[in-house]
Amino acid sequence: MSEWIIHLIDQTGYLGVGFLMFLETVFPPIPSEVIMPVAGLAAARGKMDIFGVVASGTLGAMLGNYFWYLVARVIGIERFKPWIEKYGRWLTFDWAEIERAEKLFGRQGWAIVFFGRMLPTLRSLISIPAGLLHMRLSTFVIWSTIGTTGWTALLGFSGWTLGQRFGTVETVVGPLSTAVLVVIAIGYVWRLVRWKRA
């Protein structure tokens, strides 16, 4: 996959960076940890401007973020109420927790979205609860853009700085992504064992 990403960015420049980051957001297995450092390396070689790389990567990712937000918002959490009440034990939450989460997103959703955008794995998924829980669109867009810009800049400038050694970025961020998944899995098992319906 890395060779395909390198070839596409070489051939299409900023458009390719934006397109790849859109795909990465819609289909998380495509790694931003490769896309943005490769684009940063291309900028270091003079093929693109590093700020243009960050801007195009951010725009592409934000289109994907907005896509998932709209899909989730159109579906709405109410449609899942019977399913949540039936399978709450295995989901480890009930409808009362959904209502609390909705209030939390109303008060502190900006922080959840902002920090979520800079966490591997979670960054591509945070749009879904934001949409399902009807987070205000302006708040979602503003804080998603700030967080996404931070993430793309971090990876893009890493590739730009490291030059030929951009692979070291993936060796650092890759284990971090795995650690996030492990924490999520442990948290789920913990909640499953201790779960009681409110």
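Read-outs: derived from the displayed coordinates by stated rules, not from any lab. These numbers come from a predicted model, not from an experiment. Cβ sites come from the backbone with ideal geometry, for glycine too, and all protein chains shown count toward neighbours.
What are the ³J(HN,Hα) values, in whole Hz, obtained from phi via the Karplus relation 6.51 cos²θ - 1.76 cosθ + 1.60 with θ = phi - 60°, for each residue of the range 14-21 in sequence order, with x given for Gly and Pro?
4, 4, x, 4, x, 5, 5, 5
At 0.36 nm per residue, and after removing the present C-alpha to C-alpha distance, how many nm does the segment from THR161 to ILE186 gain when stretched out fully?
5.4 nm
Quick check on packing: order 50-58, 129-137 by the mean number of other C-beta atoms within 10 Å, highest mean leading.
My ranking of the peptides, most packed first, is 50-58, 129-137.
At 0.36 nm per residue, minus the direct Cα-Cα distance, what do LEU154 and MET118 gain on full extension? Give it in nm, one decimal, please.
Full extension of this stretch gives 12.0 nm more.
With a point put 7 Å past each Cα toward its Cβ, work out how far GLN108 is from LEU137 in nm, to one decimal.
Label at GLN108, label at LEU137, 2.7 nm between them.
May I ask you to evaluate 6.51 cos²θ - 1.76 cosθ + 1.60, the Karplus curve with θ = phi - 60°, for each residue of the range 138-152 and list the ³J(HN,Hα) values in order in whole Hz, giving x for glycine and proline?
Along the range 138-152, the couplings run 4, 5, 4, 5, 4, 6, 5, 5, 5, x, 5, 4, x, 5, 5 Hz.
Separation between the HIS7 and PHE51 pseudo-spin-labels, each 7 Å from Cα along Cα→Cβ, expressed in nm?
In this crude spin-label approximation the distance works out to 3.4 nm.
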